[in-house]
Each structure stands twice: as C-alpha cells, then as structure tokens.
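For reference, the structure is listed below as structure tokens.
The values are calculated or read from the model by the stated rules, or taken from the named source; none is laboratory data. Note that the coordinates shown come from a computational prediction; the quantities given were computed from them, not determined experimentally. With ideal geometry, Cβ positions are generated from the backbone for all residues, glycine too; neighbour counts draw on all protein chains shown. In case anyone asks, the SASA skips ligands and DNA or RNA and just uses the protein heavy atoms, side chains included. Shrake-Rupley method; radii C 1.70, N 1.55, O 1.52, S 1.80 Å.
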Amino acid sequence: MCFPQSPSKSLLSASTVYGIILSLLLLLFFHTNLWAQSTKRDSLALKISERIEQLILQDSLNRVQLQQALLEYQQLDQEDEESMAMVPIDSATESDISKKEDHLVKLPVVPFENDTIFFLSDTSRTIALEQRKIITEGNIRYIVDHYLYFEDSLKVIHRPRLSKIVYRDTVLLRLSEYDALLADTLLRPMAENYRRAIHKSIKKNVTQRNLISFGMGLALLIGLYFFIRIIRRSFRWMAEKMWSNREEWFKTIKYKGVDFLNAQQQETIVRRFLKLLEYAVLLLVLYLFLPLLFSVFPPAQRIADKLFGFIWSPVKAVVAAVLDYLPNLFFILVIVLVFRYMIRAIKAVFNEIKVGKIKISGFYAEWAKPTYNIIAFLLYSFMMVLIFPYLPGSQSEAFKGISVFVGVLISIGSSSAITNSIAGIVITYMRPFTIGDWIEVDGIRGELIERSMFVIRMRTNENKIMTIPNSSVLSNNTINLSMSNQRFKLIIHTEVTIGYDVPWRRVRDLLIRSAQETDGILQDPRPFVLTTQLNDFYIEYSIRCCTNYPAKIPRTLALLNQNILDNFNRGGVEILSPHFRAQRKGEDITIINQKDYPEMWDIGDSGEEDSAPKS
C-alpha cells in the first residue's frame with residue numbers, strides 16, 4: 001500500500017516556476033525574432049520587385065506599353081489618386097498660389113503628444129484637409145501600436161505627379177504636385193523628407209514603447225511569480241491542515257455493515273484531489289496570464305486576443321445559449337410538474353386499492369402495483385414525447401441520427417429483456433402463484449421468494465436460490481402446490497413392485513398401514529392403493545395419501561418409504577421385481593394354494609373392498 005507523502009513537500013518546486021517564466025520569455029523572444037524575419041523577407045521581396053521595374057525601364061520598352069502598365073497598376077487606388085493627380089497645374093494656378101502664399105492654411109500632423117513632424121497645407125481650411133491630417137496621424141499611430149518597426153519597410157512609391165509613403169501594406173500619406181507647389185518644392189524631395197520625419201517620430205516612440213512594454217512585462221512576470229507562490233502556499237496549508245486533523249475529519253464510511261471507504265482511502269482521495277486542483281488552478285492562471293502578458297507588447301496583441309478568445313468565445317456562446325433556452329426550460333418545468341402530480345395522484349389511488357380500502361369488482365389487490373407501474377411508464381413516455389421538441393439540439397440532424405442509432409441498439413440488444421418483461425406482465429394478470437407459494441416449474445420445485453418484471457426466484461428444499469426468466473415460466477407448465485392444497489387436498493404417492501406370488505390384498509394392507517404410521521400424512525381422507533400395472537413378472541402398486549405440508553413433501557415421502565420397508569419386512573414380503581425363466585407342463589398353474597400358505601389368507605378375509613377416498 002502506498003502511503004501519502006508528507007504535506008511539508010511542495011507540489012511544485014521553485015525551479016519549475018522559474019522554468020515556466022523563462023519559457024515565457026523565450027517564447028516572446030522567439031515570436032519577435034520570427035516577426036522580424038518575416039518583415040525582412042517582405043523587404044527583400046519589395047527590393048526584388050523594384051529591381052525588376054528598373055530592368056523593365058532599361059529594356060527600351062516603348063512609352064505606350066509602359067504607360068499602359070502604369071495605368072493598370074494605378075487601378076488599385078484609382079478613386080483617391082485621380083482626385084489628387086488630375087489637378088491641373090498650369091501657369092495661372094501657380095500665379096494664383098503665389099499670390100495666396102501669405103494666406104495658406106497649414107495643419108500640423110501630430111501623431112504623438114508634442115511631436116509635430118510636418119504640415120499639410122492648402123489655400124483654405126477644408127474638410128478634406130482635416131481628414132488627411134486625421135488619417136495620417138491615425139496610420140502612424142497604428143504602426144507604432146501594432147507592428148514591429150523596421151526602417152526598410154517604410155518607403156516612398158513614386159508615380160507620375162503622385163508619391164505615396166507606405167509601411168508594408170499600409171498607406172500613410174499621399175502627396176501630389178499640388179502639395180509640392182504649396183510647399184514651394186519638388187514632389188520627390190518633399191516625399192523623402194516626409195518619410196524621414198515619419199521614420200524619426202516612429203523610431204522615437206517605438207523605443208519608448210518597447211521600454212515601457214518590457215518594464216510592464218517584467219512587472220507582470222514578478223507578479224506572476226509571487227501569485228504562484230501564494231497559490232502553492234495555500235494548497236500546502238490545506239494539505240497540512242488535513243494532515244493534522246485527519247483523525248477527526250476522516251471516518252470509515254459504512255452502509256449496512258459494509259465498509260466502503262476507510263479513513264486512509266478517504267485521505268488519499270482528498271490529497272490527490274487537492275493536487276489535481278492545484279495543477280488545474282496553476283494552468284488556468286498561466287493561460288489567463290499569457291494574454292495579459294502579450295497585450296503589453298503591441299505586436300503580440302493579436303496572439304493575446306486569440307488566446308483570450310479561446311476562453312471567452314465558448315463562455316459567451318454558452319451564456320447566450322442558456323439565456324435563449326430559458327423559455328423552453330420553463331415550458332419543460334411546467335410539463336414535468338403537471339405529470340409529476342398526476343402520477344402522484346394515481347399512485348395514491350392504487351395504494352388504496354392495494355391495502356383494500358378501495359375495491360373494484362374483478363380487480364385484485366395484487367394487481368395494484370404492476371398496474372400503477374404500467375400507467376406511470378406510459379405517462380412518463382408521453383411526457384418525454386412532449387419534452388423532446390424543446391430539448392437543445394433536438395431539431396439537428398446529428399441529434400436525430402443519434403436517437404435513431406440508440407433506438408436500434410436498444411431494440412436489437414434488449415429483445416430478450418422485452419420478451420421477459422411482457423411475459424412478466426402476462427404472468428401478473430394470470431395470477432398463477434403468489435409470493436410464498438410452493439411451485440414447480442420445468443421440474444424445479446421450490447418456494448417462490450421473489451417476482452419481478454424479468455425473472456422469478458425460488459428457494460428449493462436444498463436452500464438453493466433458482467432464478468428463472470419469466471419467458472421460461474410462461475412457456476413451461478407450472479404447478480402450484482400451495483394453491484392445490486388450499487382448494488383440494490394435495491395427494492402424494494410412491495410406487496412399489498411386487499411379484500405375482502404375493503396376494504394383492506396383503507400388499508394393499510401393508511402399504512396403507514405404512515402410510516398411516518407416517519408423520520405429515522392425513523388420515524382423513526384415508527390413504528388408498530392403486531394397482532397401476534400388471535407387468536409380465538410383477539405387479540406395480542401405488543400408495544396415494546394426502547398432506548397439508550407442500551414444503552415437507554420430500555421428507556414425508558422419505559418417511560413413507562422407510563415405513564413401507566419396515567412393514568414389508570415384518571410381513572415377510574420381499575420388495576422386488578422378479579424375472580422368471582420357467583419351463584412347465586401345460587396343466588401346471590401358478591395360483592397360490594391356500595393349504596400351503598394359510599397365514600397369507602388372514603389379511604383381507606373380511607371382504608372389505610378397496611375404495612379411493614373422496615375429497
């Protein structure tokens with residue numbers, strides 16, 4: 001037997017906790033490294049694409065084909081870019097802008113606090129200008145909050161009369177020749193200057209973000225370490241408390257004199273349960289901690305959302321399903337309550353019939369319980385039919401398929417059980433026997449001690465408990481010895497064979513005398529003898545007598561046989577079945593000569609005739 005360990009030993013060692021924390025840090029570093037490699041691969045692909053474009057330009061393609069390719073490429077942002085690129089810049093426009101230089105509206109782009117990186121200008125303050133400012137600031141902040149920043153992913157894409165500043169797939173700002181004219185500069189240099197300004201601002205804030213994130217991550221890991229220690233100390237305290245009070249808390253559980261769980265087994269179960277509970281709590285804490293830790297690092301925010309969604313999504317779905325199911329649940333409760341009280345009322349009526357307070361002509365009291373069981377079963381079945389459509393998922397094809405499959409299994413596997421149950425119902429209403437009767441089924445004789453829906457149980461004279469299926473009882477002949485004794489006198493018999501040389505009257509008198517001397521045999525009606533067979537060499541006699549004790553039939557027959565032996569021995573009659581092989585003359589006869597055996601004629605000379613008693 002394995003004894004529980006001392007509670008002083010911790011369930012998790014400190015090295016295990018340190019290993020978990022180190023694994024989290026390595027996981028975070030590995031994820032960051034993979035992200036960086038992915039970004040670098042994107043940058044390399046973009047460089048290859050640019051090199052291909054340069055080769056195309058150097059391949060002396062005609063201008064028409066190049067312009068057509070550029071137009072197809074520009075269809076991705078056709079609506080926004082056409083509005084900016086198609087603004088005509090002629091000498092009149094330039095002259096008009098030069099006159100309004102002192103009245104230009106310049107909106108500062110401030111993605112972060114106290115960090116103006118450049119201005120967006122226009123001749124007047126328009127909604128479009130304000131929207132450009134808001135969108136640009138939002139795009140820059142999104143990069144800082146959701147990406148691992150790499151400078152080579154921030155670049156300028158130049159097109160005719162249009163330049164775009166992009167980071168990976170995100171367009172931060174679109175600049176046209178109109179913007180360059182307002183800033184009194186060229187478009188390409190202006191776009192490059194803006195790119196450098198954006199890069200400087202992002203790098204500064206990313207550095208600050210990383211410092212804050214690592215600081216918060218370290219603080220969270222330290223908090224996790226102490227929280228795990230608190231959990232472990234709490235479970236250790238519970239184990240020590242259980243150990244110190246084990247004699248008071250754990251007692252042997254007994255039921256009807258049988259020990260189910262002793263104190264040591266209960267202690268082992270509780271200790272293992274506490275250990276499993278501790279592991280479950282620690283795993284839950286670590287699982288909930290990972291989304292919190294990843295949320296500190298903006299690039300890993302998506303992982304945090306997914307991990308948290310693994311728990312929150314099922315919980316939310318379950319709560320919503322429960323709330324949606326409440327009306328059906330109330331309907332089911334009403335149906336259950338109605339049928340429950342209906343069955344209770346029916347049970348009360350049948351209980352009165354069982355005890356005899358209510359009497360129905362032709363309905364026996366012993367039918368009350370099985371009839372109630374049948375009615376209750378039918379009502380419960382009808383209740384399930386009403387409830388079934390309101391069960392969750394009952395209308396789904398999977399639920400219907402499983403129901404059909406289970407029904408087929410039950411019908412195939414329980415055919416014998418159904419046969420026995422139906423036979424039990426038939427036997428109940430046939431009333432061939434009751435509990436306590438002595439019956440004989442298929443050659444097995446015993447006292448009926450139990451009757452159920454499927455089987456009956458009998459106790460034989462050898463105190464053997466015989467279980468017989470109801471189907472066998474129904475298909476075989478059943479003899480009720482107790483019922484026969486109540487209505488008539490139960491007759492028992494035994495047979496002897498005697499040769500022809502013994503007078504039948506003497507055999508009759510000896511058999512009757514033996515029956516009269518046997519305990520358990522009634523004297524009224526009087527025992528009688530039947531000459532059942534006249535065989536070739538001997539005569540078969542059967543002594544018939546009545547008894548009131550079906551349970552003692554084997555013992556009574558044994559005593560009767562003993563008395564027959566004693567009386568026949570005293571009477572000088574040998575009990576045997578003789579076989580002769582004789583050769584005689586035709587004039588010889590085998591009739592007994594009275595002169596040779598005068599004493600054999602003393603019995604039966606009164607002329608009394610044998611007659612069977614009338615019961």
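List of remarks:
- Amide hydrogen proximity for Ile539: with H placed 1.01 Å from N in the peptide plane, the residues at 5 or more positions away or on another chain lying under 5 Å are Ile498, Gly499, Tyr500.
- Note that region 380-394 has calculated 3J(HN,Hα) couplings of 5, 5, 5, 4, 5, 5, 6, 7, 3, x, 9, 6, x, x, 5 Hz, one per residue in order, obtained from phi through the Karplus relation 6.51 cos²θ - 1.76 cosθ + 1.60 (θ = phi - 60°); glycine and proline are x.
- Heavy-atom surface analysis with a 1.4 Å probe gives region 114-167 a carbon and sulfur content of 53 percent of its accessible area.
- Built amide H within the under 5 Å cut-off of Ile358, gap 5+: Ile353
- Surface composition of region 410-466: carbon plus sulfur atoms hold 58% of the accessible area, using a 1.4 angstrom probe and ignoring ligands, DNA and RNA.
- Net charge, Trp438 excluded, C-beta distance under 12 Å - Lys, Arg +1, Asp, Glu -1: 0
- Based on alpha carbons, the Rg and Dmax found for region 106-200 are 12.7, 37 Å.
- Largest-first principal axis extents of the Cα set of region 364-417 (Å): 48, 28, 9
- Carbon and sulfur %, accessible surface of region 222-308 computed with the full protein complex present, 1.4 Å: 66
- In sequence order, region 516-533 has phi-based couplings of 5, 8, 8, 5, x, 9, 6, 8, 9, x, 6, x, 9, 10, 10, 8, 7, 8 Hz under the Karplus curve 6.51 cos²θ - 1.76 cosθ + 1.60, θ = phi - 60°, and Gly or Pro positions carry x.
- The separation of region 371-392 from region 273-293, counted between C-alpha centres, amounts to 44 Å.
- Here the gap between Asp184 and Ser411, fully extended at 0.36 nm per residue and compared with their Cα-Cα distance, gives a gain of 72.6 nm.
- Relative packing of 261-273, 496-508, which averages over residues the other C-beta atoms within 10 Å, highest first: 496-508, 261-273
- For region 391-464, the relative contact order works out to 20 percent when only alpha carbon pairs closer than 8 Å and six or more residues apart are counted.
- Extension gain from Arg159 to Val281, taking 0.36 nm per residue of separation minus the Cα-Cα distance: 38.0 nm
- Cross-link check: pairs Lys133/Lys203; Lys164/Lys203; Lys306/Lys400; Lys155/Lys204; Lys164/Lys200; Lys254/Lys354 evaluated at a Cα-Cα cut-off of 23 Å; pairs beyond the cut-off: Lys306/Lys400; Lys254/Lys354.
- Based on the Kirkwood approach, the hydrodynamic radius assigned to region 409-456 is 11.9 Å, with every pair of different Cα atoms included.
- Long-range amide H partners of Ile117 with built H, under 5 Å: Val109
- Remark: the Asp324-Asp145 segment gains 60.6 nm on full extension, using 0.36 nm per residue and subtracting the alpha carbon distance.
- Förster-model FRET efficiency, 22 Å R0, Asn351 and Ile387, C-beta, rounded to 0.05: 0.20
- In order along region 106-119, the phi-based Karplus estimate (6.51 cos²θ - 1.76 cosθ + 1.60, θ = phi - 60°) of 3J(HN,Hα) comes to 10, 9, x, 8, 10, x, 10, 5, 6, 9, 7, 9, 6, 10 Hz; Gly and Pro are listed as x.
- Over region 339-445: Rg over Rh, Cα atoms, Kirkwood Rh: 1.10
- FRET efficiency, 1/(1 + (r/R0)^6) with R0 56 Å, evaluated for Tyr364 and Arg246 via beta carbons: 0.45
- Solvent-accessible surface (1.4 angstrom probe) belonging to Tyr538, in square angstrom, nearest 10: 50
- Calculated FRET efficiency for the pair Asn477/Phe399, C-beta based, R₀ 45 Å, to 0.05: 0.40
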